[in-house]
Amino acid sequence: MTDVSTIAAEVPWPDHEAEQAARERAASGPRLGRLGALAEWLAGTQAAYPPADPKRVRTLVFAADHGIAAAGVSAAEPDATAGWAADVTGGGAVVNVLAELAGASVRVVDVGVGRPGGRIDQEDALAADAVAQAMQAGIAAADDEIDSGTDLAVVGDLGVGATTIAATLVSVITNTEPVKVVGRGTGIDDDTWMRKATAIRDARLRAWEHRAAPMRLLATAGGADIAAMVGFLVQASVRRTPVVLDGAVATAAALVVQELQPRCVRWWRAGQRTSEPAQAVALRRLGLDPILDLGVEAGDGSGGLLAVPVLRAAARSQAV
């Protein structure tokens, strides 16, 4: 398997000349606010001015189970992930409806449904080789999509307990107190929130010594879905493909990638803001301002898809 750190070293910068052309057009044209900055991003990632509408938008939903679900940190049953993934695959979920509206399609990438990792407050999530395999699955998904013509990807997740994993990683990487990153996830009550806070606190204590070693951190307190997202985000950046991040879990994965290669951040935008504190903390570290602020909590790509028409509008505004 190729080491992801080696791949990350090859990440290029977006095209400066295309960015500059879009910037100058926005400054001299109609006052369209943030559409100008989004058009600049599209131009740079496409290496073309004026930027074009994305031709093939794909939502990649990385699905996995997590051992921490057994700690009662979610309103959902620990085995609910399989049903969620089946609904999306069958085209019957909200994300499928929103994908149709955005002129996009959806793919579930199963990297651990029915195969939960370790309970991170008590044991490591994954063995080192399992982290590598999940990353390789993400890299392969990126290559497959880009080879098939995908020119804009939306990244989301499905997995009971995933926001607990995400909050732990964000807490460790940003040195933020656990209580400041604990969110309501699937709409948990106060008792569940306290269990979740305790789980994050204990997982953070276990993972703290690995805060400067992203791969070891993922093994200790990550999950197969986040590891696969890391591989996907790195490879998509290497292959000059823009990505819209959706939700706390995808943003936590992006934070891990930033530790590996800060240039990758230039290839991403955050689709929309959720109420998850961990997402807010991670976005500040990444320097990303969400395109929308709708509070969509699904994290499965739905929020990112809602931002796609705004990106199309940004592209078209430069062609007038």
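General remarks:
- Crossing angle, helix 247-260 versus the chain [Cα axis fit, 0-90 degrees, rounded to tens]: 80
- Between the stretch 152-180 and the stretch 131-149, the alpha-carbon center distance in angstrom: 21
- Alpha-carbon centroids, the stretch 5-70 and the stretch 196-264: separation in whole Å: 20
- Potential extension, ASP190-ALA47 segment - 0.36 nm per residue separation minus Cα distance: 46.6 nm
- Extension gain, GLU123 to LYS55: 0.36 nm times the residue separation minus the Cα-Cα distance gives 20.1 nm.
- Each peptide in 134-141, 283-290 gets a packing score, the mean of other Cβ atoms within 10 Å over its residues, and the list from highest to lowest is 134-141, 283-290.
- Taking all Cα pairs closer than 8 Å and separated by 6 or more residues, the relative contact order of the chain comes to 26 percent.
- Nitroxide proxy distance, nm - points 7 Å out along Cα→Cβ at SER105 and SER5: 3.8
- Backbone N under 12 Å from the ASP79 label point (7 Å along Cα→Cβ), restricted to the stretch 102-146: 114-115
- Matching label, Rg/Rh (Cα atoms, Kirkwood Rh) computed from the structure shown, candidates (1) 0.96; (2) 1.04; (3) 0.99: (1)
- Each helix, a run of at least 4 DSSP H residues, gives -39500 (n - 2.57); summed and divided by the residues of the chain, these come to -16000 deg cm²/dmol at 222 nm.
- Degrees separating the helix 277-286 axis from the principal Cα axis of the chain, which is the longest one: 50
Every number here is computed from the coordinates shown, using simple stated rules; none is lab data. Keep in mind that what you see is a predicted model, and the values were worked out from it rather than measured. Glycine gets a Cβ as well: all are built from the backbone with ideal geometry, and neighbour counts include every protein chain shown.
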